[in-house]
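Heads up, the thing below is written out as structure tokens.
The values are calculated or read from the model by the stated rules, or taken from the named source; none is laboratory data. Keep in mind that this is a model prediction, so the values were computed, not measured. With ideal geometry, Cβ positions are generated from the backbone for all residues, glycine too; neighbour counts draw on all protein chains shown. Side chains are part of the model used for accessible areas, which takes the heavy atoms of the whole protein and leaves out ligands, DNA and RNA. Shrake-Rupley method; radii C 1.70, N 1.55, O 1.52, S 1.80 Å.
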Amino acid sequence: MSESHQSLVYPNDEYNRQLVANVHPSDWVNPESTARYNLVVIGAGTAGLITAVVAASLGAKVALIEKHLMGGDCLNVGCVPSKGMIRAARVWADLRKASEFGLQIPPGVKYDFGSVMTRMRRLRARISQNDSAHRYATLGVDVYIGSGRFLGTDTIQVNGPAGDRILRFVKAAVCTGARASEPSIPGLQEVGYLTNETVFSLTTLPQRIGVIGAGPIGCELAQAFARFGSQVSLIEATHGILPNEDRDAAAIVEQQMRRDSVQLLCCGQDLKIEKTSNGKRLTVDSHGQQNDVTVDEILVAIGRTPNVEGIGLEAAGVDYDRNGIKVNARLQTTNPKIYAAGDICSRYKFTHAADAMAQIVIQNALFPHPLGLGYASVETWHMPWCTFTEPEIAHVGLYERDAKGKGIELETYTYKLDEVDRAILDGEEEGFARVHIQKGTDRILGATIVAARAGDMISEFAVAMKAGGAKMIAGTIHPYPTQAEVNKKVVNLWRKAHFTSSTKKWLTKLFAWMRR
């Protein structure tokens, strides 16, 4: 296994050995290739795994190629390890505020960061069984461990440890994902830094850590490290945090992060880094003030770069640019035989987006309509997402600024959690639900929730946007007491607003007549 493989599965403990045995087995023997595959998939992250296994379950002959770790970012260096770490940090934060609930925690209670990370690795190894090479082979997929490269418009070569294989295909799907972007910050390369691809290899807590980038990854991990006791400096080029989110929602998360002792240096300009005898020194201008911070580690979280290099896209006639592979609404590339899915071609760099794109690729690649009609399309999406800070921010559809840019008239309603009984009882009343409804209709165009479990609550709005409207939520019984009641309460604000005074006067007269 290459050095880059080893860096992502450090330390070499029983759980990481189990992980590697599942997702990159050292004794794996690549199968002999079939004369021609219905579908060849390059990349075994979420998009590639779903594409391959569903196609095979339908009876197609499928090959799946992965040069690194099956499961991709989500399993190995993304969703799974980060949520394991975040959950432990939340437990520790809850213990520190236990007195607010009338609970007295004995003095001297401690946490063990090494044990936190061991737990994460144990659970990641357990989950990795679902993405293992052996499991996919038993499900009818020809799994190839090695690097894949197009030799032409219908041929791929796999360079494996035991020799090369040549795979011919009817259709192919490129699902090679993306990697952490490398910023051109003076001094960064010289001092060294972490990304999401290496940060989960830590076994000891950095006492001081600088986080560059206040997007979802930067905010989630900055808050988690701060809760464990790291001195965290969060540097962001724009104002505030989570620049793409609803500003009121982001402000609530920012306030909580400050309470967690995160030092925010936003509107950061002229960032420079150098190595000193005391650590890694960062100097940055924030709001016109020069800041000088020394840290033990630097975490860079400024975006993703698509993995388009080294896979022979030119030979396959597949166009791409710095944003990834170019696809149409049916996820077809400039080579009509080749499709793409996941981070390699999507602005939505989420696991659930990759899953949804895989379903589109399967339908369009395996069941093409002769006239191009009735195909599955990303244009019909209502994509929800969530940032897993505390509180969480979840969103689906348009923001108010998007609607204004499109010339769409909206009615916007907001209901605060401090008016929801369960949120009050949980001590989680900072937050709200906000819904954007097209004027003159009950059509929901977007919604934002900031709450402790916002990610679990946003799906109701996504369903209503796809299959109903505001009336559907308003007419649905919600169990009491739950925080999800806020979804109905915010929609009821819309219903109440449309109960006009003239309607009430008419009903008053009707009821008076009925009393005669």
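Taking a 28 Å limit on the Cα-Cα distance, which of the listed pairs LYS326/LYS439; LYS488/LYS509; LYS83/LYS406; LYS439/LYS488 fall beyond it? Intermediate results must be reported in sequence, preceding the final value.
On the way: LYS326/LYS439 35 Å; LYS488/LYS509 30 Å; LYS83/LYS406 36 Å; LYS439/LYS488 19 Å.
Over 28 Å apart, Cα to Cα: LYS326/LYS439; LYS488/LYS509; LYS83/LYS406.
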* Once phi is turned into θ = phi - 60°, what whole-Hz ³J(HN,Hα) does the Karplus curve with 6.51, -1.76 and 1.60 give for every residue of the stretch 224-238, x standing for Gly and Pro? -> 4, 4, 5, 5, 7, x, 5, 7, 10, 10, 9, 10, 9, 6, 9
* What nm distance separates the two modelled labels at THR118 and LYS83, each placed 7 Å from Cα along Cα→Cβ? -> 2.4 nm
* State which stretch of the chain is the longest one without any exposed GluC sites (Glu not before Pro), exposure meaning a DSSP loop state and at most 12 other Cβ atoms within 10 Å. => 33-308
* Pair ARG247, VAL463: separation of 7 Å Cα→Cβ label points (nm) -> 3.4 nm
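Multiplying the sequence separation of ASN328 and LYS275 by 0.36 nm and subtracting their Cα-Cα distance, what value in nm do you get?
Numbers: separation 53, 0.36 × 53 = 19.08 nm, distance 4.64 nm.
Full-extension gain reported as 14.4 nm.
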* To do: Can you figure out the FRET efficiency of ARG17 with GLU314, using R₀ = 30 Å and their beta-carbon distance, to the nearest 0.05?
  => 0.20
* Potential lengthening between LEU103 and SER147 on full extension [0.36 nm per residue; Cα-Cα distance subtracted] -> 10.3 nm
* Given 0.36 nm per residue, what is the gain on full extension from TYR348 to ASP285 after removing their alpha carbon distance, in nm? -> 19.6 nm
* Distance in nm between pseudo-label sites at HIS478 and ASP292 (7 Å out along the Cβ direction from Cα) -> 5.2 nm
* What is the set of long-range amide H partners of THR334 at a cut-off below 5 Å, with H atoms built 1.01 Å from backbone N? -> ASP319
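At R0 = 56 Å, how high is the FRET efficiency between TYR10 and PHE499 if r is their beta carbon distance? Nearest 0.05 is fine. Write down the numbers at each step before the final one.
Details: r = 62 Å, r/R0 = 1.10.
Taking R0 as 56 Å, the efficiency between TYR10 and PHE499 is 0.35.
Taking square-rooted eigenvalues a ≥ b ≥ c of the alpha carbon gyration tensor, is the stretch 364-516 rounded, prolate or oblate, where a/c under 1.5 means rounded and, failing that, a/b exceeding b/c means prolate? All intermediate terms of the calculation are to be shown ahead of the outcome.
Values: a/c = 2.13, a/b = 1.29, b/c = 1.65.
Taking the square roots of the gyration eigenvalues as a ≥ b ≥ c, the stretch 364-516 is oblate.
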* Asked: Just one of [x] 69, 65, 43; [y] 90, 68, 44; [z] 95, 65, 48 is Cα extents along the principal axes in Å as worked out from the coordinates here. Which one is it?
  -> [y]
* With a 1.4 Å probe and every protein chain left in place, tell me how much accessible area LYS326 has, in Å² to the nearest 10. => 100 Å²
